[in-house]
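Q: One structure, pasted below without further comment.
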Amino acid sequence: MGTLIQGGKVVSAAGAALADVLIEGETIARVAAGIDAAGHTVVDAAGMLILPGGIDVHTHLDMPFGGTVSADDYEWGTRAAAIGGTTTVIDFALQSMGRPMTEAFKTWRAKAEGKACIDYALHMAVTDLGPNDVWLNDVDRMVAEGISSFKIFMAYPDVLMVNDATIFKLMQRTAKLGALVCVHAENGAAIDVVVQQALAAGKTGPLYHALTRPVLAEAEAVHRVVALSEMAGGARVYIVHVSCEESMREIAAARARGLAVMGETCPQYLVLSIEDDMGRPGFEDAKFVFTPPLRGKKNQAPLWKALRDDVLQVVATDHCPFRFADQKTLGLGNFTKIPNGAPGIENRMQLAYHYGVNAGRMSLERFVEVTAEAPAKIFGMFPKKGIVAAGSDADILIWDPLAQYTITAATQSMHTDYSIYDGFAVAGNARQVYSRGECIVDGGKFIGRVGRGEYLRREVAAQ
Ligand code: URP
Ligand code: ZN
Ligand code: ZN
């Protein structure tokens, strides 16, 4: 006996069609019109969209950063993700300087163990190749453990930033293995000069976080990393949180030359802007201090277009939540001390659907592709994840395209005392969420068991 989701419209990147979906155990047994309901529990999905569970490939749960720790641990972060229709996250194991990657892997598995409410995977954030580059061999070990993507930061000097030699050596190794290098692309050294000049001039408020990180610092880093990847023999590269047209154009140029360069953007860059969302009274702007910063509104249309045209492939959140009251305020009087990051894991699907599909900026199929199917393919989880098809994990959203929902800090599940989307009214929301065959969210309530999420071993991917 299985669960039969009956009468919905099943959507994939390739198309949409009315079909029933039969779940048996943790996987999808059949997707077809008119499946015999005898012996099955029937879920009526007439008028609903049947979507693959969302995959958020950029989250920072329980992460020490900016003199504090991000406010959502694996329990609270993945619960909020599930409520918003995300059934898989890829978070970061952060290598400590002077310590091997293997240690970070153990540390982050322990943080998630017994807490994750949905399946999770890890990228390895590389900060140190070790004496005589001995930890380069950890790259191979991590791939054997199912970590097929490595993150480097070209920003945050003295904290996470690595130099070009490290980037290049890492790329030479990943190119051999077919693994992926994810890049936070910003010229950290040049930004630091601008930051010090601003502080010296008494410009200490949160707005200066944005004003000291120009778009050219991002675009220059994208250009450099593309060149390094080509020098390294064609390393696969994925640029995270692309925030502006200038960076997007570098990616477009690389892709036009046939290079394996991919990129994501995030809802905050698609629907918020420096004009609309900064310049608030007092210290309020600190809520919007994340990196890269909010950009001019004129960047939004090119970013949407880049998503449509496959210059960018993914919408992720960069969920890195900090409470306003006791965490963001660490930077009162000095914007460099404001922990960088904002909450968003719960709202990605709603925002991409409402401002993408409802607004006519992308098709329903492309929405599914950028929120689930492409992340699964790029990050080595397809077809286990990312598609509603026979044999895949039964990670399924019964999506009500007409559901009205208003995002508010008071009603959200993320553990922050504010939302950067407070008051945003959207249409379209997850009515039920299935994770490996289990209904874990019903009507916006998490009904699964804390700790049920499993660690996902990923392959090096073809795409
Ligand atoms: O401000 C941000 N984005 N915080 C998280 C770390 C990062 O750069 O992704
Ligand atoms: Zn970043
Ligand atoms: Zn991030």
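Here, each number is a calculation from the coordinates, and none is a lab measurement. Here the structure is a predicted model, which means the values were calculated and not measured. Neighbour counts run over all protein chains shown; Cβ positions are idealised from the backbone, glycine included.
Q: Taking Cα atoms, how many degrees apart are the long axis of helix 215-231 and the longest axis of the chain, rounded to 10 and kept between 0 and 90?
A: So the helix axis and the longest Cα principal axis differ by about 80 degrees.
Q: Using amide H atoms built 1.01 Å from N in the peptide plane, name the residues 5+ places from LEU180, or on other chains, whose amide H lies under 5 Å from its own.
A: SER149, PHE150
Q: How large is the translational diffusion coefficient of the range 167-215 in µm² per second when you combine the Kirkwood radius over alpha carbon pairs with Stokes-Einstein at 25 °C and 0.890 mPa s?
A: Details: Rh = 13.1 Å.
This corresponds to a translational diffusion coefficient of 188 µm²/s.
Q: Separate question: If you plug each phi of the range 32-41 into the Karplus form 6.51 cos²θ - 1.76 cosθ + 1.60 with θ = phi - 60°, what whole-Hz ³J(HN,Hα) values come out, in order, with x for Gly and Pro?
A: Calculated HN-Hα couplings, in order: 6, 6, x, 5, 4, 7, 4, x, 10, 7 Hz.
Q: Exposed loop sites here are trypsin sites (Lys or Arg not before Pro) in DSSP loop states with at most 10 other C-beta atoms within 10 Å. What is the longest stretch of the chain lacking them? Show your work: numbers first, answer last.
A: Numbers: sites that count: ARG257, ARG449.
Answer - 1-256.
Q: If amide hydrogens are placed 1.01 Å from N in the peptide plane, which non-local residues have theirs closer than 5 Å to the one on GLY453?
A: Result for GLY453 returns ALA116, CYS117, ILE118.
Q: Return, ordered by residue number, the residues of the range 402-439 whose backbone nitrogen is under 15 Å from a label point located 7 Å along Cα→Cβ of LYS445.
A: 431-433, 439
Q: Expected output is a single nm value to one decimal: the length gained when fully extending between ALA227 and ALA17, i.e. 0.36 nm times separation in residues minus the C-alpha distance. What is it? Intermediate results must be reported in sequence, preceding the final value.
A: Numbers: separation 210, 0.36 × 210 = 75.60 nm, distance 4.25 nm.
Once the chain is fully extended between ALA227 and ALA17, it gains 71.4 nm.
Q: State the dimensionless ratio Rg/Rh of the range 53-378 (Rg: radius of gyration of Cα atoms; Rh: Kirkwood radius). The partial results should precede the final answer.
A: On the way: Rg = 18.4 Å, Rh = 19.7 Å.
Ratio value, two decimals: 0.93.
Q: For VAL441, list long-range residues whose amide hydrogen, built 1.01 Å from N in the peptide plane, is under 5 Å from its own amide hydrogen.
A: Result for VAL441 returns VAL433, ILE447.
Q: Using the beta-carbon distance between THR68 and ARG257 and R0 = 51 Å, what value does 1/(1 + (r/R0)^6) give for FRET efficiency, to the nearest 0.05?
A: Working: r = 42 Å, r/R0 = 0.82.
Calculated value: 0.75.
Q: Once you put a point 7 Å from the Cα of ARG249 and another 7 Å from the Cα of ARG308, both along the Cβ direction, what distance in nm separates them?
A: Output for this residue pair reads 1.9 nm.
Q: Follow-up question, since we're still on this one. Which residues does the label zone of ASN137 cover in the range 149-182, counting backbone N under 20 Å from a point 7 Å along Cα→Cβ?
A: Flagged as within label range: 166, 169-179.
Q: Suppose R0 equals 45 Å; then what is the FRET efficiency for ALA403 and VAL194 from their Cβ-Cβ distance, rounded to the nearest 0.05? It would help to have the intermediate numbers written out before the result.
A: Numbers: r = 44 Å, r/R0 = 0.98.
Working from the Cβ atoms, E equals 0.50.
Q: Helix 188-200 versus the longest principal axis of the chain: what angle, 0 to 90°, nearest 10, using Cα atoms?
A: The helix 188-200 is inclined about 60 degrees to the chain.
Q: Out of every Cα-Cα pair in the range 323-458, what percent are more than 25 Å apart? Intermediate results must be reported in sequence, preceding the final value.
A: Details: 3575 of 9180 pairs.
Roughly 39 percent, once rounded to a whole number.
Q: Given the pairs LYS151/LYS377; LYS106/LYS169; LYS203/LYS328; LYS176/LYS384; LYS287/LYS337; LYS115/LYS151, which are separated by over 20 angstrom at their Cα positions?
A: LYS106/LYS169; LYS176/LYS384; LYS115/LYS151
Q: Between GLU26 and MET97, what FRET efficiency follows from the Cβ-Cβ distance if R0 is 51 Å, with the result rounded to 0.05?
A: Values: r = 40 Å, r/R0 = 0.78.
Efficiency at R0 = 51 Å is approximately 0.80.
Q: Given Cα pairs under 8 Å that are at least 6 residues apart, what percent is the relative contact order of the chain? Can you show the working numbers first?
A: Details: 1138 pairs, mean separation 104.0, N = 463.
Value for the chain: 22 percent.
Q: Could I ask something else about it? Once the convex hull of the alpha carbons of the range 146-281 is built, what does its volume come to per residue, in cubic angstrom?
A: Values: hull volume 16.5 nm³, N = 136.
Dividing the Cα hull volume of the range 146-281 by its residue count gives 122 Å³.
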